[in-house]
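The values are calculated or read from the model by the stated rules, or taken from the named source; none is laboratory data. Nothing here was measured: the structure is a model prediction, and the numbers come from that model. Don't worry about glycine lacking a Cβ; one is built from the backbone with ideal geometry, like all the others, and counts go over all protein chains shown.
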Amino acid sequence: MGENESHLCFRVAGDYDAIRAYHKEMNCVCFENTAMGLYFINDPDDYWIEILPQK
């Protein structure tokens, strides 16, 4: 995240794997940590948005 560690985070209430696949198809996944079960996408202004499963 560089020097700006501020970001948004959303939890996915539905099918997390399907949403992750959709974001990968859109080519907006900028970082993925499968061990922690999370990933980040870039918004149009290049801010990172964290995506988590609902759990």
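Count, please, the residues in the range 37-55 that happen to be over 19 Å from Ala13 (Cβ atoms) and either modelled with pLDDT of 95 or more or hydroxyl-bearing (Ser, Thr, Tyr) (or both). Walk me through it before giving the result.
First, the residues of the range 37-55 that are over 19 Å from Ala13 (Cβ atoms): 42-48.
Within this subset, residues satisfying the condition of being either modelled with pLDDT of 95 or more or hydroxyl-bearing (Ser, Thr, Tyr) (or both) are 47.
Of the residues in that region, 1 qualify.
Could you list all residues from the chain that are basic (Lys, Arg) and not in a loop (DSSP other than H, G, I, E, B)?
Taking the chain first, the residues basic (Lys, Arg) are 11, 20, 24, 55.
Once the filter is applied, which keeps residues that are basic (Lys, Arg) and not in a loop (DSSP other than H, G, I, E, B), the chain yields Arg11, Arg20, Lys24.
Within the range 1-18, count every residue that is at pLDDT below 90 and either closer than 13 Å to Gln54 by Cβ or exposed (fewer than 10 other Cβ atoms within 10 Å of the Cβ) (or both).
Here the count works out to 5.
Return the pairs, sorted by first residue and then second, in which the second residue is surrounded by 10 or more Cβ atoms within 10 Å (Cβ to Cβ) and part of a loop (DSSP other than H, G, I, E, B), the first residue lies in the range 32-55 and is in contact (Cβ under 8 Å) with a residue 24 or more places away in the chain, the beta carbons are less than 6 Å apart, and the residues are 6+ apart or on different chains.
Going by the 6 Å Cβ cut-off, the qualifying pairs are Trp48/Met1; Trp48/His7; Ile49/Asp43; Glu50/His7.
Can you pull out every residue in the range 43-55 that is loosely packed, with under 15 Cβ neighbours inside 10 Å and in contact with a strand residue (DSSP E or B) (Cβ under 7 Å, 6 or more places away or on another chain)?
Correct list: Asp43, Leu52, Gln54.
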